[in-house]
Amino acid sequence: MDIGAYLEIGIWSFGFGGIVDMEWLSIDRWSPYAAGIGIGLLSCVAFLLSDKPIGCSTAFSRTSGMIERLFRGGIVAEKAYYKKFAPAIEWEWMLVVGIFIGAFLSASLSGQFQVAWVPERWASSFGDTPVLRWIVALLGGILIGIGSRWAGGCTSGHGISGTLQLAVSSWLAVVSFFIGGIITAMVVFHIFGL
Amino acid sequence: MLRKLHLKKEIQLGLGLMIGIIFGFLLHKGGVTKYDIIIGQLLLTDFTVMKVMLTAIITGMVGVHFLKSLGIAELHPKPGSVGSVGTGGLLFGVGFGLLGYCPGTMVGAVGEGFLDALFGGVVGMIIGAGLFSELYPRLEKSPLNRGNFGELTWPQLFRLNSWIIIIPFSIGMIILLVWIEKSGL
């Protein structure tokens, strides 16, 4: 089933269709500058309405704490790190859920939603076996989990929200993210890849 | 300042969700929830990520500081130290290069249907964040506090008015973007 078409009909029949041309919601890609301006304005809205910079990585720390609490009980709240970031659902956790919904909506509206294991660029160098891609992605995910908490933020919290506040820590963080990322990607694709 | 609104817990949860939905929508429309595009940036063959990020930074920098000048928004710069953002940033970078998504774009990729982002990225990040909470008591003093400079911003460091930094920073980033476009990247 084409979920995109289905959702599109939903929105059209909602009544906007005849009044406003909704095509901009269903095209594949926007100019990166349009998306960037949108994200910048959204940051302003977040500061104004919620007094919060947009960020993603503490939500994963809180989730980890909530899962640990399922197995070990209330004692988890005593861990030094969870005293700083309580394992509970809050603004940023909801934001991360929202990212999933928003990307799903955008992908569906443009008919791009598809379940896949292996991205094209990876497959062209390492083949389309899910296992290899999964192992490398899992290792990457673990390092991002440790690294983002070690650095106190990720590409959103430091990379966009922190840099736009002119925070020294965030500018140093984003430079480190990309130095590490560029070297690693070069090694993966130019040394191990075909 | 909309202090009363900031303190309403349920409304804030709803706002977080709404802002997240728009954020996810924009990330996807910008093309940056895709592994191929992020890896292209790290291999320096596709500059979409940089275009989105720099445009967002310029817009947000001017906007948020304008709201601050009006007295209706406050800044929350993250504290940092050489040991935290330097070492942690490099560890993050290695993970970034292997996974090919960052935390936000990874969640967006899951929304687009990518299972490597879900079972590799999301599961890995939850494990990694859990490991960090175990290591934290041993890391807290050193390296996390080594070379600590606190919640410092560039205007504070140089003792200048924020706009004296924002204007040249913005012009510099715009020149960089124009140069990237002209180079056909």
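What the table below lists for this structure:
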quantity: Axial C-alpha extent at least 27 Å, average Kyte-Doolittle at least -1.0 - helices from chain B (DSSP); calculated: B:9-29, B:48-69, B:162-182
quantity: The stretch B:19-100: radius of gyration over Cα atoms, expressed as a fraction of 2.2 N^0.38 Å; calculated: 1.33
quantity: Reduced Cα scattering model of chain A, Debye log10 I(q)/I(0), q = 0.09, 0.11 Å⁻¹; calculated: -0.48, -0.73
quantity: Cα convex hull volume per residue for the stretch B:58-113 (Å³); calculated: 128 Å³
quantity: Mean separation of Cα contacts under 8 Å (6+ apart) over length of chain B, as relative contact order %; calculated: 27 percent
quantity: Rel. contact order, % - alpha carbon contacts under 8 angstrom, at least six apart, chain A; calculated: 26 percent
quantity: Surrounding net charge for A:Trp117, when Lys and Arg each add one and Asp and Glu each subtract one, Cβ distance under 12 Å; calculated: -2
quantity: Hz values of 3J(HN,Hα) by residue in the stretch A:85-95 - Karplus curve (6.51, -1.76, 1.60), Gly and Pro given as x; calculated: 10, 4, x, 8, 7, 9, 3, 5, 5, 5, 4
quantity: Farthest positive-ward along the protein assembly as shown dipole, Cα basis, beta-carbon charges - from B:Ile38, A:Trp93, B:Ile175; calculated: A:Trp93
quantity: Relative contact order of the stretch B:78-151, defined on C-alpha pairs under 8 angstrom at six or more residues apart (%); calculated: 64 percent
quantity: Gain upon complete extension [B:Ile171, B:Asn145; 0.36 nm per residue less C-alpha separation]; calculated: 6.0 nm
quantity: The stretch B:37-175 shape via C-alpha gyration tensor axes, a/c threshold 1.5; calculated: oblate
quantity: Per residue accessible area in Å² of the protein assembly as shown, where ligands, DNA and RNA are left out and the probe is 1.4 Å; calculated: 43 Å²
quantity: Net length gained if the chain between A:Ile183 and A:Phe71 were fully extended (0.36 nm per residue, minus Cα distance); calculated: 36.5 nm
quantity: Global form of the protein assembly as shown, assessed from the alpha-carbon gyration tensor, a/c cut-off 1.5; calculated: rounded
quantity: Residue-level accessible surface for A:Leu42, protein heavy atoms, 1.4 Å, Å²; calculated: 10 Å²
quantity: Net +/- balance of residues flanking B:Leu139 in space, Cβ distance below 14 Å, scoring K and R +1, D and E -1; calculated: +4
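The values are calculated or read from the model by the stated rules, or taken from the named source; none is laboratory data. None of these values were measured; they are calculated from a predicted model. All Cβ positions, glycine included, derive from the backbone under ideal geometry; neighbour counts span all protein chains shown. We work out accessible area using only protein heavy atoms, side chains counted, and drop any ligands, DNA or RNA first. Shrake-Rupley method; radii C 1.70, N 1.55, O 1.52, S 1.80 Å.
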